[in-house]
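Presented below is the structure to which this report refers.
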Amino acid sequence: MNINIKNINVNYVDVGEADNTVLLLHGWGSNIVLFDSLISALKDKCRVIALDMPGFGGTDEPSFAMNVDDYTDFVTEFIEKLNLKKLSLIGHSFGGRVIIKMANRKLNFDLDKIVLIDAAGIRPKKSLTAQIKVKSFKIARFIFENTALGKMYPNFINNMRKKSGSADYNMASVRMREILVKVVNEDLSNLLSNIKNRTLLIWGDKDDATPISDAHLMNKLIANSRLVVVENTGHYSFLENPTIVNTEIQKFLD
């Protein structure tokens, strides 16, 4: 299905006819296809909606470098355009950032329950090695952009970026790289204690993208939350052990 939001063509799915509505928000570099198993598990008892956010899957890339607030505005308008009056939210990784922001806003609809799966939002502390790497890159970029070296060695900065950047960064387009930098540098820790919704946290104990320590901190700061740790899974716990994850979400939403 398609809908136009803020002049962006949005790809989404909308299945099930129950009164209980849930919206799924994917992680960075992902799309709604990864939610196939979860959608199948929920659609008999819920109306399940999932969208590809701007720049991912079948949805257009935005015309400017969005930040988390912009994505939250976008998803909010999507909800309002579908005339949803009450719904629960499920977010994986980057999708969790959007949910944290939304749960801190005054909304024109009723936000019911929240599920955060291996969610992002807590900015990790950089090691000394990582800090040196970032500083070195910034210095090199300044020198090569402002001296004749840039013309002499036009590929130097791109090669250095590929060696030092994350896989997400290197695989992204120029516009999406700008967005990623904005997104990962925003720490949402100070917003967590404001969340009053019933919240289910689901986390892989081997997650090396958003470590289990993030889960424990969120569990501590979100008053009405419960943490389920999925053993021997990583950042995509809902794909690695769908049986446990789907069952926990079904029970939580009932």
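The values are calculated or read from the model by the stated rules, or taken from the named source; none is laboratory data. In this text, all values refer to a predicted model and were calculated from it rather than measured experimentally. Cβ sites come from the backbone with ideal geometry, for glycine too, and all protein chains shown count toward neighbours.
Tally the residues that are modelled with pLDDT of 95 or more, over 15 Å from residue 224 (Cβ atoms) and not aliphatic (A, V, I, L, M), restricting the search to the range 187-209.
8
Find all pairs meeting these conditions: Cβ atoms under 7 angstrom apart; at least six residues apart or on different chains; first residue within the range 1-22 and without any contact (Cβ under 8 Å) to a residue 40 or more places away in the chain and closer than 21 Å to residue 86 by Cα; second residue among the basic types (Lys, Arg) and not in a strand (DSSP E or B).
Note: pairs meeting the criteria are 15/43; 16/43; 18/45.
Which of the residues that make up the range 200-254 are aromatic (Phe, Trp, Tyr) and part of a loop (DSSP other than H, G, I, E, B)?
Once the filter is applied, which keeps residues that are aromatic (Phe, Trp, Tyr) and part of a loop (DSSP other than H, G, I, E, B), the range 200-254 yields only 236.
Just the residues that are among the basic types (Lys, Arg) and within 24 Å of residue 183 (Cα to Cα), please, taken from the range 1-56.
The one that is among the basic types (Lys, Arg) and within 24 Å of residue 183 (Cα to Cα): 6.
If a residue must be in a helix (DSSP H, G or I) and either aromatic (Phe, Trp, Tyr) or out of contact with any strand residue (DSSP E or B) (no Cβ under 8 Å at 6 or more places or on another chain) (or both), how many such residues does the range 36-50 contain?
Going through the range 36-50 one residue at a time, the tally reaches 4.
Residues are listed down the side, and each one gets a yes or a no for (1) in a loop (DSSP other than H, G, I, E, B); (2) in contact with a Phe, Trp or Tyr (Cβ under 8 Å, 6 or more places away or on another chain); (3) over 24 Å from residue 214 (Cα atoms):
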site	(1), (2), (3)
77	no, no, yes
87	no, yes, yes
95	no, no, no
100	no, no, no
119	yes, no, no
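Of all the residues that make up the range 83-109, how many are hydrophobic (A, V, I, L, M, F, W, C) and either without any contact (Cβ under 8 Å) to a residue 40 or more places away in the chain or loosely packed, with under 15 Cβ neighbours inside 10 Å (or both)?
Count: 3.
Taking the options 66, 53, name whichever one is out of contact with any strand residue (DSSP E or B) (no Cβ under 8 Å at 6 or more places or on another chain) and assigned by TED's automatic domain parsing to the domain that holds residue 102.
That would be 66, the only listed residue that is out of contact with any strand residue (DSSP E or B) (no Cβ under 8 Å at 6 or more places or on another chain) and assigned by TED's automatic domain parsing to the domain that holds residue 102.
Return yes or no: is residue 186 in a loop (DSSP other than H, G, I, E, B) and acidic (Asp, Glu)?
Yes.
Return the residue satisfying two criteria in turn: it lies in the range 9-35 and is among the hydrophobic types (A, V, I, L, M, F, W, C) and not in a strand (DSSP E or B), and of such residues it is nearest to residue 99 (Cα to Cα).
28
Taking the conditions exactly as written (farther than 24 Å from residue 239 by Cα and either modelled with pLDDT of 95 or more or charged (D, E, K, R) (or both)), does residue 19 satisfy them or not?
Details: farther than 24 Å from residue 239 by Cα: yes; either modelled with pLDDT of 95 or more or charged (D, E, K, R) (or both): yes.
So residue 19 passes the test.
Return the pairs, sorted by first residue and then second, in which the second residue is crowded, with 16+ Cβ neighbours inside 10 Å and at pLDDT below 95, the first residue lies in the range 169-191 and is under 20 Å from residue 57 (Cβ atoms) and of a type in the set (S, T, N, Q), the beta carbons are less than 9 Å apart, and the residues are 6+ apart or on different chains.
From residues that are under 20 Å from residue 57 (Cβ atoms) and of a type in the set (S, T, N, Q), the pairs are 170/177.
Can you pull out every residue in the range 235-253 that is surrounded by fewer than 16 Cβ atoms within 10 Å (Cβ to Cβ) and more than 12 Å from residue 117 (Cβ to Cβ)?
243, 247, 250, 251
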